[in-house]
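Asker: Sharing a structure, written as structure tokens. Questions coming.
The values are calculated or read from the model by the stated rules, or taken from the named source; none is laboratory data. Note that the structure is a prediction, hence the values are computed from the model and not measured. Virtual Cβ from ideal backbone geometry, glycine too; neighbours counted across all protein chains shown.
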Amino acid sequence: MENQILFSILIISIVSESIAGALSAGRKGMDPIGVMIIAFVTALGGGTMRDVLLNNFPLLWIRWPEVIWICLASGLTTILIRSYINRLLKIFLLFDAIGVAGLSIIGAHIALDNGHGFTVATISALLTGVCGGIIRDVLCGDVPWVFRQELYASVCLLSTGLYIALTYTSLHPVIVITIVMIFGVSVRLLSLKYRITLPVFLYDGSSSD
Amino acid sequence: MENQILFSILIISIVSESIAGALSAGRKGMDPIGVMIIAFVTALGGGTMRDVLLNNFPLLWIRWPEVIWICLASGLTTILIRSYINRLLKIFLLFDAIGVAGLSIIGAHIALDNGHGFTVATISALLTGVCGGIIRDVLCGDVPWVFRQELYASVCLLSTGLYIALTYTSLHPVIVITIVMIFGVSVRLLSLKYRITLPVFLYDGSSSD
Amino acid sequence: MENQILFSILIISIVSESIAGALSAGRKGMDPIGVMIIAFVTALGGGTMRDVLLNNFPLLWIRWPEVIWICLASGLTTILIRSYINRLLKIFLLFDAIGVAGLSIIGAHIALDNGHGFTVATISALLTGVCGGIIRDVLCGDVPWVFRQELYASVCLLSTGLYIALTYTSLHPVIVITIVMIFGVSVRLLSLKYRITLPVFLYDGSSSD
């Protein structure tokens, strides 16, 4: 039951990250192969980075190559339905919110399962949740927006913290996942709706303040 | 025989990718150490990425460090003969075409040899063939041109597809490699000559089309 | 004794690289979470890359997660004391010089210890010494300055060359480390003071010289 829920969340995340990747590639005027490569690295780059650093082999997409086709199909579909994307924006943002909360849980879950402590579990959640987007932005020539906007990393950290805390309770894993998903998705959607951001740190490198 | 041919192709690819890396570094006004670092990552970054993701250790350049010196020598030579580079452009483009077709074969061959299926073999070929150039462009501050121009990734995909298809036939491996090399080099050179590109996907993020 | 010295050098390097990372993030107006992520990857990215490529698992920060907190604390402290940073610039540059010389020694030491030859040891030293800064610059959207300025990579190479040469002598490891540290820090500080740089290689891609 727990695994089926995590698996469903994983698929939703992969689809929504692939769409996000394809849209970024579209903003840069890439060709279809570029779009599909960016969809692939956005969706699977974070988990791949996590597994390389935790030395968790073989990687998901090598064990289960069907996941690559999900990325390519999502990327290609995004190109085909681009005229309707804006009308679907709210559904996409919901999927994306499910993605960030879900990938945080998956990342933390995998690290705790491998016997790591809570610091490494938090890094694992961050890698899973935000690294795909960082690689996408670097490949598209942008400063990764995760460092600047919209509490994306903060939602990831808060969801991970709540998840790790709840794993110490006697709650059933399915209840824990449900609580964290509702919490993470709500925080993400509220931060988008009210445009909440953290104060930035500006250092101009010359003045003394 | 098959291995000697693949090895010769590998050396040609490493030399031509090192030169391409050194020229990119030169366009950014890097110092000689920067030029040699870029030559090294352009030539060996793709294969390194592939081996890290497929968990194929030790890496080529650790098993056989002489290959590092080939990169550095090629990078340094490029600096020294820069006045003649443009006159050598056609030879360089031929080497580069041999590189893209050859690295695709090598990447697919290694993955199939390790027991992976054709989806993973295709990703492995792409990683081997185009990833070095992507890392080079990211380090030089450019949006990787592989996503935008000149069918580089397409030639890689087509060559890989043909190679995988031919491995299912009873043709001798040397014949298969020869056919794929002729095909890949021709497609690459023709796409350059006639400036063939794929249509791009443009998404401006605001309008509904 | 040797290990305690290398450990102290490692901590100084991690703190100074975290500060350097946080300052770069501040120049880009990142939020506190972005600042801490950049501090972390600047300080630990080089060693992580080295260990992934040399297949040295588990990684330092997984074996010893306290090091993550050192990075975060250094990054956060940099934000808090930003008004005083410029007055502390000389101390910071000294720490940074200790970092580049020290990380070169650590990188070469680990590779030699794992039975690699001097070419791989030099690459290992470069990865340890400069890769964190390269990842930082890529994430901040800059062309990595290590390719262009201030002999940072050259100091790393010179220190590594001297260290490897001295390991062939009968000198006690502590003496070797002391000599290389004094040499590396001096070269680094002198190159900054006299603004020594290498001549650059400029290739404009069109003219024949």
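Asker: Report yes if residue C:126 is farther than 24 Å from residue C:89 by Cα and in a loop (DSSP other than H, G, I, E, B), otherwise no.
Answerer: no
Asker: Regarding the stretch A:76-84, can at least one residue be identified that is surrounded by 15 or more Cβ atoms within 10 Å (Cβ to Cβ), more than 10 Å from chain B (Cβ to nearest Cβ), in a helix (DSSP H, G or I) and of a type in the set (Lys, Arg)?
Answerer: Taking every residue of the stretch A:76-84 in turn, none turns out to be surrounded by 15 or more Cβ atoms within 10 Å (Cβ to Cβ), more than 10 Å from chain B (Cβ to nearest Cβ), in a helix (DSSP H, G or I) and of a type in the set (Lys, Arg).
Asker: All but one of (1) at the interface with chain A (Cβ under 9 Å from one of its Cβ atoms); (2) not in a helix (DSSP H, G or I) hold for residue B:170, so report the exception by its number.
Answerer: Checking residue B:170 against (1) at the interface with chain A (Cβ under 9 Å from one of its Cβ atoms); (2) not in a helix (DSSP H, G or I), the one that fails is (1).
Asker: Let me ask something else. Just need a number here: residues in the stretch B:20-38 that are within 11 Å of chain C (Cβ to nearest Cβ) and not in a loop (DSSP other than H, G, I, E, B). Before you say what the answer is, go through the steps one by one.
Answerer: Step one: list which residues in the stretch B:20-38 are within 11 Å of chain C (Cβ to nearest Cβ), which gives B:22-38.
Imposing the further condition that a residue be not in a loop (DSSP other than H, G, I, E, B) reduces the set to B:22-27, B:32-38.
Result for the stretch B:20-38: 13.
Asker: Then there's this: Inspect the stretch B:49-59 for any residue being under 14 Å from the mean Cα position of the chain (by Cα) and modelled with pLDDT of 95 or more and give the result as yes or no.
Answerer: yes
Asker: Go through the stretch A:54-64 and give me each residue that's within 8 Å of another protein chain (Cβ to nearest Cβ) and surrounded by fewer than 18 Cβ atoms within 10 Å (Cβ to Cβ). Show your work before the answer.
Answerer: Applying the first criterion (within 8 Å of another protein chain (Cβ to nearest Cβ)) to the stretch A:54-64 yields A:54-55, A:57-59, A:61-62.
Once the filter is applied, which keeps residues that are within 8 Å of another protein chain (Cβ to nearest Cβ) and surrounded by fewer than 18 Cβ atoms within 10 Å (Cβ to Cβ), the stretch A:54-64 yields A:55, A:57, A:58.
Asker: Ok, one more. For the stretch C:60-71, which residues satisfy the criterion of being part of a helix (DSSP H, G or I), free of Cβ contacts under 8 Å to residues at least 40 places away in the same chain and either under 16 Å from residue C:20 (Cβ atoms) or within 20 Å of the chain's Cα centre (by Cα) (or both)?
Answerer: C:60, C:61, C:62, C:66, C:68, C:69
Asker: Regarding the stretch B:79-90, can at least one residue be identified that is touching a residue at least 60 places away in the same chain (Cβ under 8 Å), more than 26 Å from residue B:126 (Cβ to Cβ) and of a type outside the set (D, E, K, R)? Please lay out each step first, then the result.
Answerer: Step one: list which residues in the stretch B:79-90 are touching a residue at least 60 places away in the same chain (Cβ under 8 Å), which gives B:85.
With the extra rule that they be more than 26 Å from residue B:126 (Cβ to Cβ), the set shrinks to B:85.
So of that shortlist, the ones also of a type outside the set (D, E, K, R) come out as B:85.
Yes, the stretch B:79-90 contains a residue that is touching a residue at least 60 places away in the same chain (Cβ under 8 Å), more than 26 Å from residue B:126 (Cβ to Cβ) and of a type outside the set (D, E, K, R).
Asker: Moving to a separate point now. Only one of these conditions is not met by residue B:108: (1) farther than 26 Å from residue A:65 by Cβ; (2) modelled with pLDDT of 90 or more. Which number is it?
Answerer: All conditions pass for residue B:108, except number (1).
Asker: Scan the stretch B:154-163 for residues that are surrounded by fewer than 21 Cβ atoms within 10 Å (Cβ to Cβ) and at pLDDT 90 or above and jot them down.
Answerer: Those that are surrounded by fewer than 21 Cβ atoms within 10 Å (Cβ to Cβ) and at pLDDT 90 or above: B:157, B:158, B:161, B:162.
Asker: Here is a check on your reading of the model: is residue B:120 of a type in the set (A, V, I, L, M), part of a helix (DSSP H, G or I) and more than 8 Å from every other protein chain (Cβ to nearest Cβ)?
Answerer: So residue B:120 fails the test.
Asker: Which of (1) touching a residue at least 24 places away in the same chain (Cβ under 8 Å); (2) more than 13 Å from chain C (Cβ to nearest Cβ); (3) out of contact with any Pro (no Cβ under 8 Å at 6 or more places or on another chain); (4) over 19 Å from residue A:4 (Cα atoms) does residue A:105 not meet, given it meets every other one?
Answerer: (4)
Asker: When the residues of the stretch C:137-153 are filtered to those that are in a helix (DSSP H, G or I) and crowded, with 24+ Cβ neighbours inside 10 Å, which remaining residue is nearest to the other protein chains (Cβ to nearest Cβ)?
Answerer: Ranking the candidates gives C:147 first.
Asker: Is it the case, given these coordinates, that residue C:115 is surrounded by fewer than 19 Cβ atoms within 10 Å (Cβ to Cβ) and assigned to a loop (DSSP other than H, G, I, E, B)?
Answerer: Considered against the rule, which asks whether it is surrounded by fewer than 19 Cβ atoms within 10 Å (Cβ to Cβ) and assigned to a loop (DSSP other than H, G, I, E, B), residue C:115 comes out as yes.
Asker: One residue is enough: does the stretch C:94-102 have a residue meeting the conditions within 8 Å of chain A (Cβ to nearest Cβ) and surrounded by 19 or more Cβ atoms within 10 Å (Cβ to Cβ)?
Answerer: Checking the stretch C:94-102: not a single residue is within 8 Å of chain A (Cβ to nearest Cβ) and surrounded by 19 or more Cβ atoms within 10 Å (Cβ to Cβ).
Asker: Next question. Please enumerate the residues belonging to the stretch B:41-55 that are outside any helix (DSSP H, G or I) and in contact with a helix residue (DSSP H, G or I) (Cβ under 7 Å, 6 or more places away or on another chain).
Answerer: Passing the criteria: only B:54.
Asker: Going through B:95, B:183, B:201 one at a time, which residue ends up being in contact with a helix residue (DSSP H, G or I) (Cβ under 8 Å, 6 or more places away or on another chain), part of a loop (DSSP other than H, G, I, E, B) and at negative phi?
Answerer: The match here is B:201.
Asker: Please verify whether residue C:44 is of a type in the set (A, V, I, L, M, F, W, C), modelled with pLDDT of 90 or more and within 12 Å of the chain's Cα centre (by Cα), treating the condition exactly as stated. Reasoning before the result, please.
Answerer: Values: of a type in the set (A, V, I, L, M, F, W, C): yes; modelled with pLDDT of 90 or more: yes; within 12 Å of the chain's Cα centre (by Cα): yes.
Taking the combined requirement at face value, the residue satisfies it.
Asker: Could we say that residue C:143 is closer than 16 Å to residue B:135 by Cα and either at pLDDT below 90 or of a type in the set (A, V, I, L, M, F, W, C) (or both) here?
Answerer: yes
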